[in-house]
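Chemist: Once you've had a glance at the structure underneath, I'll fire off some questions.
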Amino acid sequence: MRLLSRAGKSLSRTAIQALPVVLGIVVLNFLLLQLVPGDAADVIAGESGSATAETMAALRKQFGLDQPVLIQLANYLDHLAHLSLGFSPRYNTPVGDLIMSRLPFTLLLMLSAFVLSLVVGIAFGAFMAAFARRWPDRALSLFVLILYSAPGFWVGLMIIVLFSVKLGWLPSGGAMTVGADLTGLARMGDLLTHLVLPSISLACFFTAVYARLTRSAMLEVERQDFVRAAEAKGLGPFAIQMRHVLRNALIPVTTVAGLHLGNLLGGAIVVETVFGWPGMGRLALDAVMARDFNVLLGVLLLSSFVVIVANVLIDLLHAWLDPRIESV
Amino acid sequence: MSTNMTSLPVTLLAVPAAKNGRLSAFLRQPTFVAGLLILGVVMTLACVADLLYPGDPQDLVGPPLLWPFQKTEFQLGTDSLGRDIAAGLVHGARVSLIIGFSAASIGLLIGTLVGAVGGYFGGLADNVLVRVTELFQTVPAFLLVVVIVAIGEPSLKVIALAIGIASWPTIARLVRAQFRSLREQDFVMAARSLGYSDTRIIFVEILPNALPPVVVTASVMVAGAILTETGLSFLNMGDPNVVSWGSMIGDGREMLRTAWFLTALPGTATALTVLALNLIGDGLNEIFNPRMRER
Amino acid sequence: MTIERIGQRQNGCGPARGSLPESRRTTRWIKSVLASTVLCAGAWLTPAHAETATMVLATEPPTLVSLTNVATTALAVSGKVTEGLLEYNEDLSPEPLLATSWNISPDGKEYSFKLREGVRWHDGKPFTAADAAFSINLLKKVHPRGRSTFANVTSVEVPDPQTLVIKLSQPAPYLIKAFASTETPIVPKHLYEGTDAASNPNGNTPIGTGPFKFKEWQRGNYIVYERNPDYWGKPDPKIDRLVVKFIPDAAARSIAFESGSVDFGYRTPVALSDLDRLKSLPNLKFETKGASYSYNVTRLEFNLDNQYFRDKRVREAVAHAIDRKVIVNTIHYGYATITYSPIAPGLKEFHDPTPSPYAYDLKAAAKLLDEAGLKPTDGKTRFRLTLDFNPITTEGRRLAEYIRASLARIGIAVDLRAQDISAFVKRIYTDRDFDFAVNGASNLFDPTVGVQRLYWSKSFVKGVPFSNATHYSNPEVDRLLEQAAVENDPKTRVGLFKKFQDIVAEDIPDLNLVSPTFLTLHNAKIHDLATTADGAEGNLAHLYVK
C-alpha cells in the first residue's frame, strides 16, 4: 500500500518536473538542429548523385523546408500535442512507426546490457569489498579498471574476432537470422545468440562502473552504526554483508544506474554500428546524417521518457531497499 | 565511451579532505604513483613529439602496411597509406591529451559555474539551473557531441567544445551539492558578516573547499573525453588534420583481420592513458577521503 | 520427412525445384541424416530456405522504387519488383524486357516500343502501354535526372495497349540507353495517378511486374522479396526468396561474407584493403562484369573563382604534383583504372586515353608556381588551401590525405575539412565556399547524361548538386556538348566528345584521376548474377543457387 501511494506521488512529481525538461529538449534541439549545415534535400541529392533545380525545390516543399523555422517548430509542437511524432519524408513513414520498429531491439539491448552490468558489477563489487585491500581485491580491481579504460567498440571488435571469426560460436552482427522463418523458442534462441556479443561489449564499461561503486559504497556502509549494531547482535558476517551492507550500498549504485539509462542509448550508437544492431542509437545517428530531424527529435523524446520512467522505478526500488528514505 | 562522463564513484564522496600529511599519503599509493608515471611518460612523449619525429606525422613516408620491426626506420610499421605508426602514436598522444584536458576544462568551467551559482543562491536560480542540468543529462551525451560537431566542423576546437558541453552536468551536480552543504558553515557565515561580496565568497571562500571531489572527477572526465574522441574518430567524425589515436583505430579497423597491429597499438595506447588517469583519480579519491584510509 | 527437411537446411542448396535422380536423392538423404546428427544443435541457426539468396547493402534504401530518389541503395533493390522497358548487355546494347521490340526513326525523333503481352502487375491488374506512358511523363517531372533525360520529349502516345510511341523535339542519342529498370522504372498507373509520387505508399510496399514480389521490410534490418509465381518470364526467377540485409560496417560485411550469412553484394561491398584476403577464400567469387551501367570518375575539382586556381599555372602545378599511379595502387589497392579524361575508360567508344599534358613532375610544378609569383614566404610554404572531400566513400578521405601530402612537397599547405554529405553538398554547390574538392561523379550510361553537367556553362546553377562545381565556362566546350547531345550520327558524336576531351584536358578546370573498379562479390554457390550491364541492380530473374 505504502509503495503504491508512493508510486503515485513519485509519478505525479516526476511528471510535473519532467514536462518542462522534455519541452526544453524539444525546443532546444529543434533550434540547435537548424544550425546544422545542409538539409534533407541536399542529402537526397548527394546520395542520388544527380538533381535539377526543380527536383530540389520539390524535395524542399515535400519536406516542409520551404517554411520559416518558427512555423516548422509550431507544426511540430502541434503534432506532439496530438500525440504524434510527425512524419519522416525521407523514409515516407510516420516517425512513430520508424521508432516502434526499432524500439523492441533497443530495449532488448539496453535492458540486457543494463541487467548484465548491474548483476556482474554488483557481484564483482561485493567480492572486492569482501576482500578489500587483499590480493583478490587488487587483481579484480585492476581487471575492472581495464574494462573501465578500454573503448567499448574496441572490446566489441575483439570479441567479434574471437567468438565469431575464430571460434564461430556466435553470429557477428544483425539481430536475427533473416529468412529463417523461426517461431517460438527457436526464434527466441536465435535472437539471444545475436544479442550476446553486443550486450557484452555495451555492458563492459558499466560493469566496471557498478563494480567500483558497489565496492566503495559497501566499504562506506560497513562503518555505519547499524552495521556495528548488527555485528553486536551476533549476526554472521555473510548475513550482515548481504542483508545490511549490500542492501544499503545498492542505493547509490542504482541512483547512478538510473542516470546511465539515457546514456546507454547514446553509448549504444558505436556498439550498434559495430554489430549492425537495428537499434535507436543508429537510427538517431542516421537521422543526424540525413537531416531527418523529426526522427531525431522522436528518438530524443523517447529516450528522455525512458530515463524518466526509469527514475521513477529506481525511486520505488529505493523505498523498498531502505524504508527510511522518504519521497522528497 | 562517451558514457563515462556521468559515472563516477566520486559522487558519493562529498567529504572534506584531509588537511595534513597529504604529500606522503600521495606517495604511499602504489597505484597512484603508477598512474602518475604512465601519464608522465605519455605527456613527455607528447611534448617531445616534434623532436622524436620531426615533420608531419600524416606524411606518406614509406611503403604501405609494413609490419612492426619489418624495417628499422619504421619500428612500429606503417599504415595503409604508408604513414609511420610510431610517429602517429607520439603525435597522437598530444592530440588525445589536448582533447582530454581541454574538454574536461570546458566541462569543469561550465559545471562549476552552474553548480556554484545554483548551490550558493538556491531559490529560483537554483531551480532553473537544476532543470537545465537535467535537460542536458537526459539528452544522450554522445548524440549531443555528434550534433554539435555536425554544426561546426570536426576540428579539435569544436570536438573539445562539444565534449565539454556534453559533460558538464556531472560537475554541476557535484559542485551544487558541495555548495549547499558548505554555505551554511561557520566560515561562510563569518565571511558574510564581514560583508564580502557573493562573488568573493563563492570563488575565494567556498570553491577551494569544494574542490577536492571535483578534482577527482576531473581526472576521470579527461579519461572520458579521450574515449569519446576515440569513438567519434571511429565513426569518421574526427579532425582529419591531426593524427589522433581514435583516427588511427578508425583507419586501421577495416584491416583488423590482416593487420591487427594498426588497431591494437593505438587501442593499447588509449587504454593505457585512460587507465593512468583512472588510477590517478582513484588515488586522489582515497587520499581526499580520510575515512577510507582508516582501514 | 522431417529429417529430409532438416537435411536440406544443412546442405544449404536443396534440389532445384523438380526431381533429382533417385540415387542422388538417397545419397543426399544419408548425408542429411549424418549432417543433422552432427549439427542438429545448430540447425535452427541456418536459413530454412534452401533457395534463398541474400544481398548485402551498407545502408538502408530510402525507398524501394527508384522514382523520386535514385540513391545507390534504392537502385540496388528497385529493379527486382519494378521493371523497365529494356535491359542492357555488358556493352550497353539494349535487350528486351517489358518491351519486346523497338524502333527509332531515322531522324532520331521518334521511339516506338512494342510491349510484352500478358504481363500483370503483382496485384493482378494488367500491364499496358498506358502504364508505360504514364511512368515516362511522371519521371520527366519527379525523377532527379528525368527533367534532363527526357528534356526533348514532346509527347508520349499510346496508339494501342501494346504500343508506346515517344516523340522528341530533337534527337536524343543517349535516350535508348535510359530504359533500364533502375533508371526508368515503369510503375503502375492505377496506384500513382492523382497522387504525390514521393509520398506514395508504393515506395514502401512496391507493386511491379518483376520476378520478385515485395513481402516485408523490417526497418533498419532487412527486406524480404518472394518469388513471383506468375512472372511473365516463367520459369524464372530461379530462387524462392531474395533477402536484402543492411550491414553498416565494412568489417562486419566481410565477416558476413565469410560466414555465409550474406551471398552477394556489388560496387565492392567490402573494404578494399580486405579484398586480397577474401580472394584467397574458396567460397567467394569476384566479378568485374555488371558494372557498366554506371562508371564513376574520381576527380579533383578546382574552384575557378578561387584567387589561386583562377591562375591556370597553379592548376597545372597541382596536376604535375599528383601521381595517379599512387592513387591506383595505394589509395585504391589496385582496384581502379587511371583516367585523364572525365569520360571513364569503361565507356570505350568515347573515352580518350591520351595522357594529361601535365605529367607527374615535381620540378615542373615548383617552376610553375615560381612563375606565378607564389614563392615560399618562410622558405617552405607558398600558400595555404583547404581541401574538402566527398564523404560518401572511404577512398575520398584517403585520396584527400594523399593530395595533402603531395602538395606539401611543392610548398602548398593543405588543410582537410571533413563534413557529412549534406554539409559537403551545401558547401560546394550552394555556398560555393571551397578552394578545391575531391569529388566523384558517375558517367551513368552516356557522357551527355553524366559528363555534360560538369562542364557545361549553363549547368553552373547554385544549389544543384553535381552540376558545374568548378564554374568552368568555355564557349567552344558548350558548343561541342550541346551539339553532341543532339547529334544523331554516332561517329560524328564520338568525334565531338574527343574534341571536348582535348580541350578540358588542356584547360584543366578539374583533374580527372581514376575510375574505381566496382567488384561484385558473391558466394560460389550463386550463379548468373551479373548477366546485364547493371549486374546486381538488375531484376536477378536468372540468378540461381547451386
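The values are calculated or read from the model by the stated rules, or taken from the named source; none is laboratory data. Note that the structure is predicted; figures quoted are calculated from it, not measured. No Cβ is skipped: glycine too gets one built from the backbone with ideal geometry, and neighbour counts run over all protein chains shown.
Chemist: Can you pull out the residues in region A:115-129 that are within 14 Å of chain B (Cβ to nearest Cβ) and out of contact with any Phe, Trp or Tyr (no Cβ under 7 Å at 6 or more places or on another chain)?
Modeler: Within region A:115-129, A:124, A:128, A:129 meet the criteria.
Chemist: Yes or no: region B:183-203 includes at least one residue that is in a helix (DSSP H, G or I), touching a Gly at 6+ places or on another chain (Cβ under 6 Å) and either crowded, with 21+ Cβ neighbours inside 10 Å or at positive phi (or both).
Modeler: From region B:183-203, those in a helix (DSSP H, G or I) are B:186-193, B:198-203; that's our starting set.
Next, only the ones that are touching a Gly at 6+ places or on another chain (Cβ under 6 Å) stay: none.
No, the conditions are met nowhere in region B:183-203.
Chemist: When you scan region C:269-313, how many residues do you find that are closer than 22 Å to residue C:532 by Cβ and either among the polar types (S, T, N, Q) or in a loop (DSSP other than H, G, I, E, B) (or both)?
Modeler: 9
Chemist: Does residue A:60 qualify as being within 30 Å of residue C:443 (Cα to Cα), of a type outside the set (A, V, I, L, M, F, W, C) and more than 7 Å from every other protein chain (Cβ to nearest Cβ)? Spell out how you get there, then give the answer.
Modeler: Numbers: within 30 Å of residue C:443 (Cα to Cα): yes; of a type outside the set (A, V, I, L, M, F, W, C): yes; more than 7 Å from every other protein chain (Cβ to nearest Cβ): yes.
Yes: the conditions hold for residue A:60.
Chemist: Right, something else. Looking at B:209, B:236, B:241, which one is in contact with a strand residue (DSSP E or B) (Cβ under 7 Å, 6 or more places away or on another chain) and polar (S, T, N, Q)? Talk me through it step by step, then tell me what you get.
Modeler: Values: B:209 fails: in contact with a strand residue (DSSP E or B) (Cβ under 7 Å, 6 or more places away or on another chain); B:236 fails: in contact with a strand residue (DSSP E or B) (Cβ under 7 Å, 6 or more places away or on another chain).
Within the list B:209, B:236, B:241, the selection yields B:241.
Chemist: Looking at this structure, is residue A:149 under 30 Å from residue C:257 (Cα atoms), facing another protein chain (nearest Cβ under 10 Å) and among the small types (Gly, Ala, Ser)? Before you say what the answer is, go through the steps one by one.
Modeler: Numbers: under 30 Å from residue C:257 (Cα atoms): no; facing another protein chain (nearest Cβ under 10 Å): yes; among the small types (Gly, Ala, Ser): yes.
No.
Chemist: For residues in region B:72-104 being within 14 Å of chain C (Cβ to nearest Cβ) and part of a loop (DSSP other than H, G, I, E, B), which is surrounded by the most Cβ atoms within 10 Å (Cβ to Cβ)?
Modeler: The initial filter retains those residues of region B:72-104 that are within 14 Å of chain C (Cβ to nearest Cβ), namely B:78-84, B:87-88.
Filter once more, so that each one left must be part of a loop (DSSP other than H, G, I, E, B): B:79-83.
On the way: B:79: 22, B:80: 21, B:81: 21, B:82: 19, B:83: 24.
This residue is B:83.
Chemist: For the list (1) within 14 Å of chain C (Cβ to nearest Cβ); (2) within 25 Å of residue C:417 (Cβ to Cβ); (3) assigned to a helix (DSSP H, G or I), I need the number of the one condition that residue B:263 fails.
Modeler: (2)
Chemist: Show me the strands (runs of 3 or more DSSP E) entirely contained within region C:71-142 in which 1 or more residues are under 26 Å from residue C:217 (Cβ atoms).
Modeler: Per the criteria, C:86-88.
Chemist: In region B:244-259, how many are in contact with a Gly (Cβ under 8 Å, 6 or more places away or on another chain) and of a type in the set (A, V, I, L, M, F, W, C)? Show your work before the answer.
Modeler: The initial filter retains those residues of region B:244-259 that are in contact with a Gly (Cβ under 8 Å, 6 or more places away or on another chain), namely B:244-250, B:259.
With of a type in the set (A, V, I, L, M, F, W, C) added as a condition, the list becomes B:245, B:248-249, B:259.
Residues in region B:244-259 being in contact with a Gly (Cβ under 8 Å, 6 or more places away or on another chain) and of a type in the set (A, V, I, L, M, F, W, C): 4 in total.
Chemist: Here's a follow-up. Determine which member of the set C:206, C:161, C:235 is under 22 Å from residue C:543 (Cβ atoms) and surrounded by fewer than 20 Cβ atoms within 10 Å (Cβ to Cβ). It would help to see each step written out before you state the result.
Modeler: Details: C:206 fails: surrounded by fewer than 20 Cβ atoms within 10 Å (Cβ to Cβ); C:161 fails: under 22 Å from residue C:543 (Cβ atoms).
Among C:206, C:161, C:235, only C:235 is under 22 Å from residue C:543 (Cβ atoms) and surrounded by fewer than 20 Cβ atoms within 10 Å (Cβ to Cβ).
Chemist: Among (1) touching a residue at least 24 places away in the same chain (Cβ under 8 Å); (2) under 26 Å from the mean Cα position of the chain (by Cα); (3) surrounded by fewer than 19 Cβ atoms within 10 Å (Cβ to Cβ); (4) within 14 Å of chain C (Cβ to nearest Cβ), which single condition is residue A:65 missing?
Modeler: (2)
Chemist: Next question, about the same structure. Can you name every residue in region A:282-298 that is within 12 Å of chain C (Cβ to nearest Cβ), closer than 11 Å to residue A:95 by Cα and out of contact with any Ser or Thr (no Cβ under 9 Å at 6 or more places or on another chain)?
Modeler: A:293
Chemist: Would you confirm whether or not region C:456-468 contains a residue that is touching a residue at least 60 places away in the same chain (Cβ under 8 Å) and within 14 Å of chain A (Cβ to nearest Cβ)? Break it down stepwise before answering.
Modeler: To start, the set of residues in region C:456-468 that are touching a residue at least 60 places away in the same chain (Cβ under 8 Å) comprises none.
No, region C:456-468 contains no residue that is touching a residue at least 60 places away in the same chain (Cβ under 8 Å) and within 14 Å of chain A (Cβ to nearest Cβ).
Chemist: Kindly indicate the residue of region A:162-192 that is facing another protein chain (nearest Cβ under 7 Å) and assigned to a helix (DSSP H, G or I) and also modelled with the lowest pLDDT among those meeting that condition.
Modeler: The residue in question is A:165.
Chemist: Still on this model: Residues in region C:230-274 that are within 20 Å of the chain's Cα centre (by Cα), within 14 Å of chain B (Cβ to nearest Cβ) and of a type in the set (A, V, I, L, M, F, W, C): how many?
Modeler: 5
Chemist: Give me the residue from region B:106-163 that is small (Gly, Ala, Ser) and under 20 Å from residue B:181 (Cα atoms) and, out of that set, farthest from the other protein chains (Cβ to nearest Cβ).
Modeler: Filtering region B:106-163 down to residues small (Gly, Ala, Ser) leaves B:107, B:111, B:115-116, B:118-119, B:122-123, B:125, B:141, B:150, B:152, B:155, B:160, B:162.
With under 20 Å from residue B:181 (Cα atoms) added as a condition, the list becomes B:111, B:115-116, B:118-119, B:122-123, B:125.
Numbers: B:111: 15, B:115: 16, B:116: 21, B:118: 15, B:119: 16, B:122: 15, B:123: 16, B:125: 16 Å.
Among those residues, the one meeting the criterion is B:116.
Chemist: If a residue must be within 11 Å of another protein chain (Cβ to nearest Cβ) and part of a helix (DSSP H, G or I), how many such residues does region A:130-143 contain?
Modeler: Here the count works out to 3.
Chemist: Turning to a different aspect of this structure: Please pick out the residue among A:102, A:60, A:133, A:138 that is among the basic types (Lys, Arg) and in contact (Cβ under 8 Å) with a residue 40 or more places away in the chain. Give the derivation first.
Modeler: On the way: A:60 fails: in contact (Cβ under 8 Å) with a residue 40 or more places away in the chain; A:133 fails: in contact (Cβ under 8 Å) with a residue 40 or more places away in the chain; A:138 fails: in contact (Cβ under 8 Å) with a residue 40 or more places away in the chain.
Just one listed residue meets the conditions, A:102.
Chemist: Moving on. Tell me, which helices (runs of 4 or more DSSP H) wholly within region C:366-480 include 1 or more residues that are at pLDDT below 90 and under 30 Å from residue B:80 (Cα atoms)?
Modeler: Working: elements: C:394-408, C:421-425, C:447-450, C:452-455.
Answer list for region C:366-480: C:394-408, C:421-425.
Chemist: Something else about it: Touching a Phe, Trp or Tyr at 6+ places or on another chain (Cβ under 6 Å), within 9 Å of chain C (Cβ to nearest Cβ), crowded, with 16+ Cβ neighbours inside 10 Å and within 24 Å of residue C:461 (Cα to Cα): which single residue out of A:38, A:49 fits that description? Break it down stepwise before answering.
Modeler: Values: A:38 fails: touching a Phe, Trp or Tyr at 6+ places or on another chain (Cβ under 6 Å).
Answer to the check: A:49.
Chemist: Whether any residue in region C:318-339 is among the aromatic types (Phe, Trp, Tyr) and surrounded by fewer than 18 Cβ atoms within 10 Å (Cβ to Cβ) is what I want to check. Show your work before the answer.
Modeler: From region C:318-339, those among the aromatic types (Phe, Trp, Tyr) are C:333, C:335; that's our starting set.
Those left that are additionally surrounded by fewer than 18 Cβ atoms within 10 Å (Cβ to Cβ): none.
Among the residues of region C:318-339, not one is among the aromatic types (Phe, Trp, Tyr) and surrounded by fewer than 18 Cβ atoms within 10 Å (Cβ to Cβ), which makes the answer no.
Chemist: Further, regarding this structure: Residue by residue through region B:173-202, note down the ones that are without any contact (Cβ under 8 Å) to a residue 12 or more places away in the chain and touching a helix residue (DSSP H, G or I) at 6+ places or on another chain (Cβ under 8 Å). Don't jump to the end; show me each part of the working.
Modeler: If we filter region B:173-202 for residues that are without any contact (Cβ under 8 Å) to a residue 12 or more places away in the chain, which is where we start, we get B:184-186, B:189-190, B:192-197, B:199-200.
If the condition is that a residue be without any contact (Cβ under 8 Å) to a residue 12 or more places away in the chain and touching a helix residue (DSSP H, G or I) at 6+ places or on another chain (Cβ under 8 Å), then B:192, B:196, B:200 are the ones that fit.
Chemist: Collect the residues in region C:201-226 that are at the interface with chain A (Cβ under 8 Å from one of its Cβ atoms) and either assigned to a loop (DSSP other than H, G, I, E, B) or in contact with a helix residue (DSSP H, G or I) (Cβ under 6 Å, 6 or more places away or on another chain) (or both), keeping them in residue-number order.
Modeler: In the first step, residues of region C:201-226 are kept if they are at the interface with chain A (Cβ under 8 Å from one of its Cβ atoms); the result is C:201, C:203-204, C:218-222, C:224.
Hits for region C:201-226 are C:204, C:219, C:220, C:221.
Chemist: For residue C:159, are the conditions met, namely being under 30 Å from residue C:106 (Cα atoms) and outside any loop (DSSP other than H, G, I, E, B)?
Modeler: The answer is yes for residue C:159.
Chemist: From C:432, C:398, C:409, grab the single residue that is of a type in the set (D, E, K, R) and within 14 Å of chain A (Cβ to nearest Cβ). Outline the logic, then answer.
Modeler: Details: C:398 fails: within 14 Å of chain A (Cβ to nearest Cβ); C:409 fails: within 14 Å of chain A (Cβ to nearest Cβ).
Just a single option satisfies the conditions, and that option is C:432.
Chemist: Moving on. Exactly one of (1) among the basic types (Lys, Arg); (2) in contact with a helix residue (DSSP H, G or I) (Cβ under 6 Å, 6 or more places away or on another chain); (3) part of a helix (DSSP H, G or I) is unmet by residue A:9. Its number?
Modeler: Every listed condition holds for residue A:9 apart from (2).
Chemist: Could you grab me the full set of residues in region C:506-521 that are of a type in the set (A, V, I, L, M, F, W, C) and under 22 Å from the mean Cα position of the chain (by Cα)?
Modeler: Initially, region C:506-521 is screened for residues of a type in the set (A, V, I, L, M, F, W, C), giving C:508, C:511, C:513-514, C:518-519, C:521.
Within region C:506-521, C:511, C:513, C:514, C:518, C:519, C:521 qualify.
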